[in-house]
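Comments concern the structure below.
The values are calculated or read from the model by the stated rules, or taken from the named source; none is laboratory data. All figures in this text were calculated on a predicted structure; none of them were measured in a lab. Every residue, glycine among them, receives a Cβ derived from its backbone with ideal geometry; neighbour counts consider all protein chains shown. When the accessible area is computed, the model is the full protein with side chains, heavy atoms only, and any ligands, DNA or RNA have been set aside. Shrake-Rupley method; radii C 1.70, N 1.55, O 1.52, S 1.80 Å.
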Amino acid sequence: MLWWKERSLTDRFVVTLLSLLMLYPGIDYILRSVLPIPVFGSLWDELTLITLLTLLGLKLIFSPPERSTGTTRVMGLVMAAGLALLALNLTDLKINIEGYRAMFQYMLVFFTAFYLIHKNEDAKLLLTVAVILGTVLAVHGIWQYIVGVPMPGRWVDAGEAVRTRAFSIINSPNALAGQMAFLAPIALGLAASEKTWPKRLLWLAAAGLLVLCLLFTGTRGAWLAFAFALAVIGVIFDRRLLAAGVVAVILIVLFVPAVSNRISYLFTPEYMSKSAASGRIKRWLDAYDQMTLEPLFGTGLGHYGGAVADRAFGTPSVDNYYMKTLAETGLVGLGLFLWLVGTVLHQGYRAWQALADPRWRYAAAGIFTGLLAVLFHSGVENIFEIPYLSTYFWLAAGLLAGMPYNDAEAGGAANE
């Protein structure tokens, strides 16, 4: 831990605060359910973010960083456009503000990770914290599945023979699956970045538990998102990963009935009929119809298809973050959001290419794959409306964008 002792007090404080965000689901569960603290239990994450932004503001004023990323500029423009969209509908200002906060608040974590983390060892520590917590939740979820703990709410269609799904402390199999799909590639990247086999085996074991829990959540969207993300990284990083992934998928589908049954059910007339009548397909089409009423700017932030709209108007979740964004912000808003996530991926890919140290290239590839999994999964779930998953995404994106600068400061190649 000599590298930690060499850090300044400010750097240690920053890493500690960002570690709290990496522990988000655990801390949130404790403060809300185990040891509930009035007010603080619902505000601790905002207070943590405000503290980080204050430190960032002071740094930008007194010691402007010698690093930049196109994501910063695009995100600033998108957030400004969001304010303009908010101002278009002042009749429901409170709901608009809540909708704006739900969409843009967690993006601010990107800036703190990009500008305040200066060592790749610190970035690795943050990723380690997230993977360790995720592995603990994975073990809990696996145990739930084995003993058949009853699921909260209705998480299985009536026509399916599914006895239970893992959900851990998250109380949502879909949210837990999103976390597993995000963290499993990161664990694999950390395994590849290690120099000794004992450490590699520990990370591989963690990755195995994360993937096993992902399977036990029964979340088909996360399964497909994880598979697509691995396929993409296999094509651009190492074709052997693609081949191994294809073999693994075939074996799982052939020999794990719980997975093959859930996947095959997607293609049955019963599922298509139910989905078109009251499921995802209907909700996606309803969101599109809503957009046609206000095609350019949508019905307004917080007004359709998300958690804010559910609380305010009782509208059901669209279960597709892109369609939800389309309904609320129109073609303009969706276009801006896709521009932003496209920039995140482009900058992340460039960051991976620019890294000189092979260890960090593997870690960066893991982060990039995790980001892809979140974006793919958002096509069938409102992933960015889940606070801790949105925080994970933007924090990891900030870490990835900053890694080449950290590498350059350590003697590697610069990003640009």
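Each label point was placed 7 Å from the Cα along the Cα-to-Cβ direction; for A243 and R311 their separation is 5.2 nm. Dipole magnitude for the chain: about 780 debye, using +1 per Lys or Arg Cβ and -1 per Asp or Glu Cβ, origin at the Cα centre. The residue list V129, T54, G245 was ranked by how far each Cα lies along the charge dipole of the chain toward its positive end, using unit charges on Cβ atoms, and G245 comes out on top. Fully extending the segment from T196 to E6 would add 66.0 nm, taking 0.36 nm per residue of separation and subtracting the current Cα-Cα distance. Spatial offset of the range 102-133 relative to the range 281-349 amounts to 26 Å, using the alpha carbon center of each. Which lysines have a Cα less than 29 Å from the Cα of K199, not counting those fewer than 8 places away in the same chain? Of all the lysines, those that pass the test against K199 - Cα under 29 Å, at least 8 places apart if same chain - are K5, K119, K124. Putting +1 on Lys and Arg Cβ atoms and -1 on Asp and Glu Cβ atoms, find which of Y115, L400, S264 reaches farthest to the positive end of the dipole of the chain. Sorting the options by dipole projection puts first S264. Take every Cα pair under 8 Å whose residues are at least 6 apart in sequence, average their separation, divide by the length of the chain, and the relative contact order is 22 percent.
Peptide packing for 389-399, 58-68, 124-134 was compared via the average number of neighbouring C-beta atoms within 10 Å per residue; ordered from the highest value, the list is 389-399, 124-134, 58-68. Normalised Debye scattering of the range 82-132 at q = 0.13, 0.19, 0.28, 0.32 Å⁻¹ gives log10 I(q)/I(0) of -0.51, -0.70, -1.03, -1.13, counting only Cα atoms as equal scatterers and leaving out solvent.
The fraction of accessible area contributed by carbon and sulfur in the range 70-216 is 70 percent, rounded to a whole number (1.4 Å probe; ligands and nucleic acids excluded). Under 22 Å of direct C-alpha separation, and excluding same-chain neighbours fewer than eight residues apart, K282 reaches these lysines: K274, K324. Here the range 1-95 is treated as a Stokes sphere of Kirkwood radius computed over C-alpha pairs; at 25 °C and 0.890 mPa s its diffusion coefficient rounds to 147 µm²/s. Computed from backbone phi with θ = phi - 60° and the Karplus coefficients 6.51, -1.76 and 1.60, the 3J(HN,Hα) list for the range 126-139 is 5, 5, 4, 4, 5, 5, 4, 4, x, 5, 4, 5, 5, 4 Hz; x is used for glycine and proline. Computing Rg and the Kirkwood Rh from the Cα coordinates of the chain gives a ratio, Rg/Rh, of 0.95. Along the range 303-313 the Karplus relation, 6.51 cos²θ - 1.76 cosθ + 1.60 evaluated at θ = phi - 60°, assigns HN-Hα couplings of 9, 7, x, x, 5, 5, 5, 5, 5, 7, 10 Hz to successive residues, with x for each Gly and Pro. Residues F111, F40, ordered by accessible area of protein heavy atoms at a 1.4 angstrom probe radius and largest first, appear as F40, F111. In order along the range 235-249, the phi-based Karplus estimate (6.51 cos²θ - 1.76 cosθ + 1.60, θ = phi - 60°) of 3J(HN,Hα) comes to 5, 8, 10, 7, 4, 5, 5, 5, 5, 5, x, 4, 4, 4, 5 Hz; Gly and Pro are listed as x. If only the Cβ of Lys and Arg carry +1 and only the Cβ of Asp and Glu carry -1, the dipole of the range 27-77 around its Cα centre is close to 160 debye. Solvent-accessible area per residue in the chain equals 44 Å², computed with a 1.4 angstrom probe and all protein chains kept.
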